[in-house]
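Presented below is the structure to which this report refers.
No lab work stands behind these numbers, since they all come straight from the coordinates. Please read all numbers here as calculations on a predicted model, not as lab measurements. FYI the Cβ positions are ideal-geometry reconstructions off the backbone, even for glycines, and counts take in every protein chain you see.
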Amino acid sequence: MSSIKELKHLQISLQDISDATNNYAKENCIGLGGYGKVYKGESEKYGTIAVKRLSRNREEHSQGDREFKTEIALLSNYKHEKIVTLLGYCDEDGEKILVYKHESQGSLDKHLKSADLTWTYLFRRCPWVKIPSP
């Protein structure tokens, strides 16, 4: 696994992230997870982005520094159409932020919780899923 020092080329400045999210405006908050809040933003360089900002009150959230570094190292090595694209990170002025390409279809957890996700739907939409024989 890559060390964080080997990934300096993925660093995005805190100012660029703050500008893209309109200083983490409330209306740009699109989610809340174990990491902290997720914001949607517009970046001149990257286009529409999703910004995961580690909560400063880390006791409220289950992930921390080690997970931050692990996520950067792992996702920087994998590129696949079915895996969200990590664009970069920020580790500046006490902030720990991950920047991803924004996926317009929403997050996987949103789809997994959807009432529309039924076995019938999966069988119709996923031809590789086979109904087991009795």
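Worth a mention:
- Bridging of K101 to aspartates and glutamates at a Cα separation below 17 Å is possible for D16, D19, E42, E44, E71, E81, D109, once same-chain residues fewer than 8 apart are set aside.
- With the simple model of a label 7 Å out from the Cα in the direction of the Cβ, K113 to E67 spans 1.6 nm.
- R0 of 25 Å, Cβ-Cβ distance D93-N22: FRET efficiency to nearest 0.05: 0.85
- Under 12 Å, Cβ to Cβ, from A50 - net charge with Lys/Arg +1 and Asp/Glu -1: +3
- Extension gain from Q15 to F123, taking 0.36 nm per residue of separation minus the Cα-Cα distance: 34.3 nm
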